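Notes follow once the structure below has been shown.
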Amino acid sequence: MSYETILYEKDGPMAVVTLNRPEKLNALSDDLQLEVRDALEDAGWADDDIRVIVLKAAGRAFSAGFDISGADGRPEAVEMRAGFLKGKGFSASSWWDVFWNNPKPIIAQIQGYCIAGGLATATFCDLRICSDDARFGAPEIRTGGPYIPAVWPWVVGMTKARELLYTGNLIDAAEAKRLDLVNQVVAADELDDAVRLQAETIAKLPPPTVEYNKKLINMAYELMGVRQVIERSMELEAIALTSPRSSEEIAHFEKLRAEEGLNAALAWNAARFEREDAWFRS
């Protein structure tokens, strides 16, 4: 597969997948998701020389989330969306699976904004190392829908999960570390080295040891129902967004988006939360 929205390289036992839409804050378009999946499948299952995978991003942000700017008309992307309905293609569930079931550990290297679907993606990775300028959260819930990854009760605990998912507020890197949302926080100029050190350490272990330890940890959470919660969260999101009882906020956001464009809708929504978000805009 030729890549247009990611960079994919191999460095000894380490594979590096770089989200490469910096002008869009690495929004997760359909074609980008297809390319990431292809690279992760190659590194995880096809290449026995790879022992660890790093997922990073170009530019000033890890990812601003799933791309809502418009439908991708590429034939493979259309086929992918059709596959959602048939249960054979790529969906939020299979986006989870390519990370969760990958036999190789995946380290997310995070800088800047890591929000919405970008944070979902990072949370699906095994480990997360971020720079001290990173910002995390699910602001997309302010315009409707449950949060797709639905794993925060396990990751940050029920009390904080409720707060973040009832408000859409962001948190900084220090708070993310306190909550164990990330494994390590470093200065921006130390991020590459910190991730490489972690990757090289993992790569020194016998591959079967790492693979089966990952399977064991996954099994523990699956026995607690994490997979069922992921599937159910997507059903609830669809219900929330299509319900006749959908809120006036969602209706107004969609009306602005249709009449004046996405930027106008986003600006209206941001103004509603100016006080809550002032701390990270200053």
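The values are calculated or read from the model by the stated rules, or taken from the named source; none is laboratory data. Please read all numbers here as calculations on a predicted model, not as lab measurements. Every residue, glycine among them, receives a Cβ derived from its backbone with ideal geometry; neighbour counts consider all protein chains shown.
Looking at the range 250-282, which of its residues are of a type in the set (S, T, N, Q) and assigned to a loop (DSSP other than H, G, I, E, B)?
Selection gives Ser282 alone.
Determine, yes or no, whether Leu40 is over 23 Å from Leu197 (Cα atoms), crowded, with 20+ Cβ neighbours inside 10 Å, in the same structural domain as Phe99 (by TED's automatic domain parsing) and under 16 Å from the mean Cα position of the chain (by Cα).
no
If you take the residues in the range 129-169 that are hydroxyl-bearing (Ser, Thr, Tyr) and either modelled with pLDDT of 90 or more or outside any loop (DSSP other than H, G, I, E, B) (or both), which one is farthest from Ala240 (Cα to Cα)?
Ser131
For Lys160, all conditions in the list (1) under 30 Å from Glu248 (Cβ atoms); (2) of a type in the set (Lys, Arg); (3) crowded, with 20+ Cβ neighbours inside 10 Å hold save one; what is the number of the exception?
Evaluating Lys160 over (1) under 30 Å from Glu248 (Cβ atoms); (2) of a type in the set (Lys, Arg); (3) crowded, with 20+ Cβ neighbours inside 10 Å leaves (3) as the failure.
Within the range 255-271, can you find the residues that are closer than 20 Å to Thr167 by Cα and surrounded by 14 or more Cβ atoms within 10 Å (Cβ to Cβ)?
Once the filter is applied, which keeps residues that are closer than 20 Å to Thr167 by Cα and surrounded by 14 or more Cβ atoms within 10 Å (Cβ to Cβ), the range 255-271 yields Ala265, Leu266, Trp268, Asn269.
Is it the case that some residue within the range 143-156 is crowded, with 24+ Cβ neighbours inside 10 Å, under 21 Å from Ser69 (Cβ atoms), outside the structural domain of Arg272 (by TED's automatic domain parsing) and of a type in the set (Phe, Trp, Tyr)?
No, the range 143-156 contains no residue that is crowded, with 24+ Cβ neighbours inside 10 Å, under 21 Å from Ser69 (Cβ atoms), outside the structural domain of Arg272 (by TED's automatic domain parsing) and of a type in the set (Phe, Trp, Tyr).
Against the definition (more than 18 Å from Ala15 (Cβ to Cβ), in the same structural domain as Asn169 (by TED's automatic domain parsing) and modelled with pLDDT under 85), how does Gly83 come out, yes or no?
Spelling it out, Gly83 is indeed more than 18 Å from Ala15 (Cβ to Cβ), in the same structural domain as Asn169 (by TED's automatic domain parsing) and modelled with pLDDT under 85.
Looking for whichever is surrounded by 15 or more Cβ atoms within 10 Å (Cβ to Cβ), touching a strand residue (DSSP E or B) at 6+ places or on another chain (Cβ under 9 Å), in the same structural domain as Phe136 (by TED's automatic domain parsing) and over 22 Å from Ala116 (Cβ atoms) here; the options are Val186, Val182. Which one fits?
Step by step, each of Val186, Val182 is checked, and only Val186 is surrounded by 15 or more Cβ atoms within 10 Å (Cβ to Cβ), touching a strand residue (DSSP E or B) at 6+ places or on another chain (Cβ under 9 Å), in the same structural domain as Phe136 (by TED's automatic domain parsing) and over 22 Å from Ala116 (Cβ atoms).
Please work out if Ile202 is over 20 Å from the mean Cα position of the chain (by Cα), surrounded by 14 or more Cβ atoms within 10 Å (Cβ to Cβ), within 30 Å of Asp132 (Cα to Cα) and β-branched (Val, Ile, Thr).
yes
Return the only residue of Arg257, Arg196 being under 21 Å from Thr143 (Cβ atoms) and either of a type outside the set (Gly, Ala, Ser) or touching a residue at least 24 places away in the same chain (Cβ under 8 Å) (or both).
Arg257
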